[in-house]
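Chemist: Structure in structure tokens, see below.
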Amino acid sequence: MSPAATLLLLAVLLAMLVACYLQWASDARAALHLLRRNPPSRPLTEDEDAALATLRALSGRTHDTQVRVLSGAFSGPSGFGNRPFHSAWLGDVAVLLPFDAWQHVAVDNHAEVVLAGDAALVVRLNGFHIVGARHRVAAEEAEHAAAFEGPLQRKRRIVRPIAACAVHGQRLETAAEVAMRRGDGVRWPGIVIALLALAALPALQIDVALWWRLLLGLPLCAVAGTAVGMAWPRQRGPGAPQPVLQLSGRLNKLMLHPHHPPCWLLGSDHRVQLPAEWLASKHFRSGQHLTLDIRQCDGMVLGAGREWSLAEDRVRFSSAGATWSLAWLGLMLCVLLFGGMFVELPAGISRQHTRDALRLMHGVWWPLTAATGLWHLVQAIHRWRRHLRCHARRSAALAARMPPTR
């Protein structure tokens with residue numbers, strides 16, 4: 001088969017795949033629109049709304065309060081198993097199956113759902129009902145685990161329903177917490193590296209083939225763009241202090257997917273982000289009843305009693321920036337590598353252009369770039385030594401700290 005025929009065949013296959021995807025997306029939108037237009041069968045009860053609080057916290061979705069009926073066959077399950085919820089397709093509508101609803105999937109299914117954005121949350125499915133589902137699953141897991149334990153552990157294992165969080169108060173972020181959330185500003189080492197990469201580009205204005213100029217210029221442009229992207233601050237959020245809630249409830253560790261890290265819930269209705277260094281201290285375990293200060297906008301835990309303050313820990317054990325120093329060193333090595341390619345110029349150029357390029361490279365660019373790369377190497381060694389010492393001090397301090405108060 002000729003190259004032209006091969007390219008034509010690949011183009012036809014690509015066009016068919018795109019057409020299939022567009023048709024599937026159109027059918028999904030039409031099915032969701034039809035479900036939205038159908039009159040609701042009944043309103044959502046208070047018990048069902050409370051039982052859906054865990055799904056709202058885990059998925060970040062908000063749903064309406066009207067229950068609609070959906071029937072059909074399931075397809076595309078996300079690997080059914082013991083997880084808080086699973087994604088699947090009921091007909092052409094994307095649905096979330098909570099807890100053990102996947103065990104009730106049949107050939108022909110009758111479900112009651114509530115709409116949540118571009119998907120639907122299952123309230124009833126054949127013999128499944130959302131009310132009491134989480135407690136039922138936890139009891140079954142406890143019974144299964146007790147079968148492999150001794151008689152003493154078996155007697156002590158008691159499963160209680162998980163209640164919603166209790167709100168004890170609200171405050172605003174402190175200045176230290178606002179600074180911690182917003183992070184650093186522009187990282188100037190990245191701007192310097194980008195300027196050094198772009199400073200080598202004038203040597204491309206030589207009388208050589210266009211493909212050679214592109215070959216030498218594109219890597220340096222990519223390095224400069226990467227350095228600027230890393231140096232520019234990410235979304236830092238508003239400068240005004242954000243609300244912080246003081247909540248109490250039972251801490252729960254849930255696995256959303258076997259290949260993803262677990263998530264944490266406080267009570268049944270608040271997903272929280274525990275700092276990694278606090279989790280490593282082994283003072284935070286599933287099943288504890290805790291009182292936490294949680295930032296409302298992102299669920300970050302800022303405090304857990306008198307001795308546990310994230311802002312104070314970050315100031316006391318400040319980050320040495322070891323990872324950033326390695327990143328800057330790697331970019332500097334790329335600048336030196338691709339910039340050094342200008343010394344090996346093609347043989348067909350004029351001597352004057354070669355002399356000008358070499359004078360630019362050896363007279364200004366090379367010493368400055370080599371000195372900057374050496375400085376980043378020294379900084380990487382120094383910052384990593386500082387990081388290891390700080391990590392050891394922080395681990396010892398957190399291990400000796402009293403557990404978080406209730």
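Chemist: Which of the residues that make up the range 278-306 are surrounded by 14 or more Cβ atoms within 10 Å (Cβ to Cβ) and of a type in the set (D, E, K, R)?
Modeler: Hits for the range 278-306 are D293, R295.
Chemist: Considering only residues that are under 23 Å from V131 (Cβ atoms) and modelled with pLDDT of 75 or more, which ones fall in the range 73-93?
Modeler: Initial filter on the range 73-93 (under 23 Å from V131 (Cβ atoms)): 74, 80-88, 90, 93.
If the condition is that a residue be under 23 Å from V131 (Cβ atoms) and modelled with pLDDT of 75 or more, then F74, P84, F85, H86, S87, A88, L90, V93 are the ones that fit.
Chemist: Can you tell me which residue in the range 20-45 is nearest to A133 (Cα to Cα), limited to those that are surrounded by 13 or more Cβ atoms within 10 Å (Cβ to Cβ) and among the aliphatic types (A, V, I, L, M)?
Modeler: Looking at the filtered set, the residue picked out is L44.
Residue by residue, here is whether (1) at pLDDT below 60; (2) buried (at least 18 other Cβ atoms within 10 Å of the Cβ); (3) farther than 30 Å from M230 by Cα holds:
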position: A142; (1), (2), (3): yes, no, yes
position: R154; (1), (2), (3): yes, no, yes
position: A164; (1), (2), (3): no, no, yes
position: I193; (1), (2), (3): no, yes, no
position: A197; (1), (2), (3): no, yes, no
position: L201; (1), (2), (3): no, no, no
position: Q205; (1), (2), (3): yes, no, no
position: A209; (1), (2), (3): yes, no, yes
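Chemist: Taking S286, is it in the same structural domain as T369 (by TED's automatic domain parsing) and either without any contact (Cβ under 8 Å) to a residue 60 or more places away in the chain or among the acidic types (D, E) (or both)?
Modeler: Working: in the same structural domain as T369 (by TED's automatic domain parsing): no; either without any contact (Cβ under 8 Å) to a residue 60 or more places away in the chain or among the acidic types (D, E) (or both): yes.
Criteria not met by S286.
Chemist: Would you be able to say whether some residue in the range 46-54 is outside any helix (DSSP H, G or I), β-branched (V, I, T) and surrounded by 11 or more Cβ atoms within 10 Å (Cβ to Cβ)? Please lay out each step first, then the result.
Modeler: Restricting attention to the range 46-54, the residues satisfying the condition of being outside any helix (DSSP H, G or I) are 52.
Still in the list and also β-branched (V, I, T): none.
Within the range 46-54, not a single residue is outside any helix (DSSP H, G or I), β-branched (V, I, T) and surrounded by 11 or more Cβ atoms within 10 Å (Cβ to Cβ).
Chemist: With respect to V315, is the statement that it is of a type in the set (V, I, T), under 16 Å from A227 (Cα atoms), in contact (Cβ under 8 Å) with a residue 40 or more places away in the chain and part of a helix (DSSP H, G or I) true? Spell out how you get there, then give the answer.
Modeler: Working: of a type in the set (V, I, T): yes; under 16 Å from A227 (Cα atoms): no; in contact (Cβ under 8 Å) with a residue 40 or more places away in the chain: yes; part of a helix (DSSP H, G or I): yes.
It is false that V315 is of a type in the set (V, I, T), under 16 Å from A227 (Cα atoms), in contact (Cβ under 8 Å) with a residue 40 or more places away in the chain and part of a helix (DSSP H, G or I).
Chemist: Please work out which one of (1) under 20 Å from H260 (Cβ atoms); (2) surrounded by 19 or more Cβ atoms within 10 Å (Cβ to Cβ); (3) without any contact (Cβ under 8 Å) to a residue 60 or more places away in the chain is the condition S87 fails and give its number.
Modeler: So S87 meets the others, but not (2).
Chemist: Still on this model: Quick check on the range 105-125. Is at least one of its residues surrounded by fewer than 19 Cβ atoms within 10 Å (Cβ to Cβ), at pLDDT 85 or above, over 30 Å from A227 (Cα atoms) and touching a His at 6+ places or on another chain (Cβ under 9 Å)?
Modeler: yes
Chemist: Restricting to the range 24-71, count the residues that are under 21 Å from W89 (Cβ atoms), touching a residue at least 60 places away in the same chain (Cβ under 8 Å) and acidic (D, E).
Modeler: Number of matching residues: 1.
Chemist: Something else now. Which of the residues belonging to the range 304-321 are small (G, A, S) and at pLDDT below 85?
Modeler: Filtering the range 304-321 down to residues small (G, A, S) leaves 304-305, 309, 311, 318-321.
G305, S318, S319, A320, G321, listed by residue number.
The values are calculated or read from the model by the stated rules, or taken from the named source; none is laboratory data. On a predicted model such as this, the values are computed, not experimentally measured, just so you know. Neighbour counts run over all protein chains shown; Cβ positions are idealised from the backbone, glycine included.
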